[in-house]
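Participant: Questions regarding the structure given below will be posed in turn.
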Amino acid sequence: MSAPRDLIEALESLEAGTLTASELVDDALGRIEAHDGEIGALLALDAEGARERARTIDEKRKSGETLGRLAGIPFTLKDNFVTKGLPTTAASKMLEGYRAPFSATLAEKLEAEGAILLGKANLDEFAMGSSTERSAAHPTRNPWDRSRVPGGSSGGSAAAVAAGYGYFSVGSDTGGSLRQPAAFCGLNTLKPTVGVFSRYGLIQLAPSLDQPGPLTRSVRDLQLLTEVMRGHDPLDSWSSKRELAPARDIQGLRVGILKPALERVEHEPIRDAHDAVLETLRAHGAEIVEIEIPHANIALPTYHAIVAAECSSGMARYDGVRYGKRVSKDELFEMMEATRAQGFGEEVKRRILFGAYLLMEENVERFVQGARRARTLIRRDFDAAFERCDLFVTPTTATPAFELDNRGDDPLAMYLSDYFTLPASLAGMPAVSTPMGVDADGLPLGIQLVGAPFTEATLLRVAAAIEEKHGILDRLPALNGGIG
Amino acid sequence: MTRYEPVIGLEVHAQLLTETKLFCGCSVAYGAEPNTQLCPTCLGLPGSVPRLNRRAVELAIRVGLALGCEIHRDTAFSRKHYFYPDLASNYQNSQFEPPVIGRGELCIEVDGVERRIGITRAHLEEDAAKNIHGAGGGLYTVVDYNRGGQPLLEIVSEPDLRSAEEAELYLRKLREILIFAGVNDGNLEEGSFRCDANVSIRPVGQEKFGTRVELKNINSFRFVRRAIEFEIARQEAVLASGGALVQETRTWNENVGQTISMREKESAQDYRYFESPELPRIEIDDEMIERARAQLPELPDAIRARFIEELGLTPYDAGVLTSHPGIARYFDAVASGMKADAKLGKRIANFIQSEVLRDTQIAGLDAKFPVTPEALIELLSMVEARTINLNLAKQVFHEMVASGKSAAAIVEEKGLGGGVDEAALEAEVLKVIEKNPSQVEQYRGGKAAVFGFFVGQVMRATRGQADPQLVQALLRKHLDG
Amino acid sequence: MSSLPITREQILRVAELSRIALTEEEIEQYARELTHFVDMLSVLDTIDKDGVPPTVTLTFDPIAQRDDKLEPSLPRDEALAMGPVTSDGGFAVPKILGGEG
């Protein structure tokens, strides 16, 4: 079989009858079999179930039944989305053997559209991290260069798509956990406006920041998935009933850039690629304007204070009483303390402890309320910025994918890798990351597009224009026999 | 010897009368099998999302109106953190500052004197689950999460109460208001109305409060009173013997008739309150308040005043007829159906108290009456029209209860209707006098008690339909005349 | 700008509140790291936040509330199947002596 390049092409082939869902699934399973021992993108695989569902879809197609919009397309799901049929661990020992009694709305929605879930993708434990090295199971390697990380925390999802384990994955983004892996793995992603995609069934890291989103090979795939995944979910109280704003023409769009932020980027190819993207946009008739997010310099402490507090609170539920791991002890609190000591990894414990410190009576006003006030200032900066521009662009990351074990000793340095992605998370704004070429080592680079609420369609249209000129789909490991 | 004055403040946890829990659609019905009313949300499962039950907010506003408290227009849920298996997430969604309901007061009457007891605040929160100790052959504590997440309103009083009696009166009054307002079923045994008491004593005249003891889990009015009385005496004894009181939590043990100190926590709690990052704020606008006001039923004090002033009841009768909201509604329905004035109101009240309530079954908020208000109206209207007399009405009432038939059907069936006109009755009276010459002789000879014999004979002859007063008048006319 | 170092006692207190047993090495490591973390956050003290309301939740539409309607609960066996230890139809924990009800 000649593998389709992206999801849309796969759908066309399925509809034309030149390919079957079974072939797509077998192709994905073959790649997993061949490569995942080393790449480690998956935590759970449902080969038999996937084959079975593919056969069902092929039969339905043969008999002319109406099929869903993604019928026959294999995909993976970050393992912090709960699924009734497969184990859900959030890459933590705490949830070893856990079987959720319900499925995430997005999982059900995608399967209802005929997408075929291959398995669950690796992540940093409970999505805390940006390299997928903090998975309790194993690290994930970047299919572009196996000595490097795929980014994180949706690193398993990104590696799976880059390696051709299906045509898309759904991950989550709290401060950059979709966008940074997309950049590191040469993929496209959308962190939507709050409320556009349902969060029901997404295991929380920090509820005021967590957003789900797809990782895809192409922008048009991303457009299709945005359309399929969005929509009101009565089970998620934050779900919006609003329609997305229609896409605007690039001609006449005011595209903002952040000069001072750019100066922080030491990796020259990233600055160059960014400038090249601006040229492309100019050529399409966009107007480039300089904007400011004056409080961007406090986004990092603001973000980490809020995440630590929310995470410390939310993670309290894992105590060995109702589900998940329990370490047996004769006394209640000893049982809880041992369970949490052994069930959680280092980074999770760190955030829980730090968050508890921030939440203490004498600290909460200074650190937590302080950060929440600072967050308001950042949001105001965005409101002001969108008076001057319709969207703005930044590099998604300051560097390409780094090597494994490279920052393990300095957790604070690791936190810094989210510099460009944090502000949009704090402001709840939609943000797309799309490839903007590769550097001299052949490592993919990503550019981030940030828009005002509900302007996803415009961001995707601009991303498509960037892809046309700077896209690297043909270099994607999934499309190359000798991946990575 | 120093004289001490008790200082008591009460915290009441009232379960709001919703169908479902505060943040999920699980039932709140009492008495279900353990762990059958739970879902991902109230079990704190990863991936669950809480969704606020708007009814709970509406009922909270109603309480604010019923107690005449301030209603805060914009408040939030905060998480209160402590690890304990009865909290599925190891935090409780509650309210910190400010609460949805602010200051107000409640009037109680102590020995005929009105006392105004301040209400500090009332806030919404989710209930904890139930720990069942000593299960599994005594090895375990077993948790039943059915109760976890049920909506509570915690109502906190000022430390304005000065005796166990006042505390009990306050609780009874508060419970009555909540029941009549339709927000709580007032069931202490089932724990839907729970009380904690903060008790301290101070030398009479001293401004500063003494060391406070919190009495927890007192589940009857009698126990509240006994626990507080015991605690006041205990504290006085400690101070009298030169000892010092410790701030602690104690619980009432009915078996030994004492308050018992609960195990002290290893170290002070730090609940790490912070505003929920996922729940909506509780925003209350004029429209919501007006709607709540329109839905607020008449409260017991107002009902009693109306019963006394408009329907001629004594304060005692008014108390009986407002002992349950169902009874008050029943009386109201009959009285208004008969367009009762003060005299008729009193007669209706008498009939309900002497006959209807005997066969009325009260279970929680439900009152099951032997006949409908409409059926009773039909019966009592016949008495008012003098179609039947009161004695007969009582017999007919029992027949109605036994057979389920209407008053009219029974009267018709037994040929009771129509009464007896005066001429016919006078003929019956003369007949009875004629038939019983020896009794006439006795009566006229001064044996007044024989009069009752004649009344009975006439009533029997008219099969009870005659108006007894008229019978007496006619007998006197002919016997005495 | 440097805050006072976080002490061993403070870490133990935080660990107790968080119900996490820590090893000696962890206590030292987290004390050191928390000191740095607090340092990093202290920049927030320097910005003018007077009168700025906190952003606690973030949505562009009101957070939905629910009508008081019954929804299906989990079947008990399904709920208890998740429990690490169950007994008498409930989730079992080591016996609590004199615990709060």
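A short reminder: the numbers here are calculations on the coordinates, not readings from a lab. Note that this is a predicted model, so its numbers are computed, not measured. Please note: Cβ atoms are built from the backbone with ideal geometry, for glycine as well, and neighbour counts cover all protein chains shown.
Participant: Using alpha-carbon positions, what is the distance between the centroids of segment A:82-109 and segment A:425-449, in Å?
Facilitator: When both Cα centres are located, 29 Å separates them.
Participant: Just going by the charge dipole of segment B:235-348, with Lys and Arg at +1 and Asp and Glu at -1 on Cβ, which of B:241, B:307, B:289 is farthest out on the positive end?
Facilitator: Value computed over the given set: B:307.
Participant: Which of the lysines could be linked to residue B:208 by a straight reach, that is with a Cα gap under 24 Å, when you skip same-chain ones fewer than 8 residues away?
Facilitator: Cross-link targets: B:216.
Participant: Would you pull out the residues with amide H under 5 Å of residue B:202's amide H, same chain only if 5 or more places away, H placed 1.01 Å from N?
Facilitator: Hits under the 5 Å cutoff: B:5, B:7.
Participant: Helices from chain A with mean Kyte-Doolittle at least -1.0 and a Cα length along the axis of 18 Å or more, per DSSP H: which?
Facilitator: Sorted by number, the helices that extend far enough and score high enough are A:21-39, A:268-283, A:299-314, A:346-359, A:370-388, A:456-470.
Participant: Is the shape of segment B:296-413 rounded, prolate or oblate, going by the alpha carbon gyration tensor and its root eigenvalues a ≥ b ≥ c, with a/c under 1.5 for rounded and a/b larger than b/c for prolate?
Facilitator: Cα axes put segment B:296-413 in the oblate bin.
Participant: Suppose every K and R has +1 on its Cβ and every D and E has -1 on its Cβ; what is the size of the dipole of chain B about the Cα centre, in Debye to the nearest 20?
Facilitator: 880
Participant: With both bridge residues required to lie in chain B, what share of the DSSP beta bridges run antiparallel, to the nearest 5%?
Facilitator: 95
Participant: Turning to a different aspect of this structure: Counting other Cβ atoms within 10 Å, keep those with at most 14, restrict to DSSP loop, and tell me which GluC sites (Glu not before Pro) in segment A:249-355 are left.
Facilitator: Passing sites in segment A:249-355 are A:263, A:266, A:331.
Participant: Would you please give the residues with an amide H less than 5 Å from that of residue A:289, counting only those at least 5 places away or on a separate chain, with H modeled from the backbone geometry?
Facilitator: Amide H neighbours of residue A:289: A:255, A:256, A:257.
Participant: If you don't mind, there's one more thing I want to ask. What number, in percent, do you get for the relative contact order of chain A if the mean sequence gap of Cα pairs under 8 Å and at least 6 apart is divided by its residue count?
Facilitator: That works out to 18 percent.
Participant: Taking a cut-off of 17 Å between Cα atoms, list the lysines near residue A:241, but don't count ones fewer than 8 places away on the same chain.
Facilitator: A:109
Participant: Size of the dipole of the protein assembly as shown about the Cα centre, Lys and Arg at +1 and Asp and Glu at -1 on the beta carbon, nothing else charged, in debye to 20?
Facilitator: Charge dipole, the protein assembly as shown, about its Cα centre: 2420 debye, nearest 20.
Participant: What is the magnitude of the charge dipole of segment A:343-484 about its Cα centre, with +1 placed on the Cβ of each Lys and Arg, -1 on the Cβ of each Asp and Glu, and no other charges, expressed in debye to the nearest 20?
Facilitator: That gives a dipole near 460 debye.
Participant: Here is a further query. Enumerate the aspartates and glutamates that residue C:49 could reach by cross-link, defined here as Cα to Cα under 16 Å, with residues fewer than 8 away along the same chain left out.
Facilitator: A:365, A:381
Participant: So who's got an amide H within less than 5 Å of the one on residue A:42, skipping anything under 5 residues away but keeping other chains? H placed 1.01 Å off N, in plane.
Facilitator: Distant-sequence amide H within range of residue A:42: A:122.
Participant: In whole Hz, with x marking every Gly and Pro, tabulate ³J(HN,Hα) for segment B:168-179 from phi via Karplus 6.51 cos²θ - 1.76 cosθ + 1.60, θ = phi - 60°.
Facilitator: Running phi through 6.51 cos²θ - 1.76 cosθ + 1.60 with θ = phi - 60° gives 5, 4, 4, 5, 5, 5, 4, 4, 4, 5, 5, 5 Hz.
Participant: Using alpha-carbon pairs under 8 Å, 6+ residues apart, how would you state the relative contact order of segment B:4-287 in percent?
Facilitator: Contact order relative to length: 25 percent.
Participant: Compute the helix-to-body angle for C:8-18: its Cα long axis versus the longest principal axis of chain C, expressed 0 to 90° and rounded to tens.
Facilitator: 30
Participant: If you don't mind, another one. Roughly what % of DSSP beta bridges within chain A run antiparallel, to the nearest 5?
Facilitator: Here the antiparallel bridges make up roughly 65 percent for chain A.
Participant: If you average the C-alpha positions of segment A:149-168 and of segment A:324-395 separately, how far apart do those two centres end up, in angstrom?
Facilitator: Comparing the Cα centres of segment A:149-168 and segment A:324-395, I get a distance of 26 Å.
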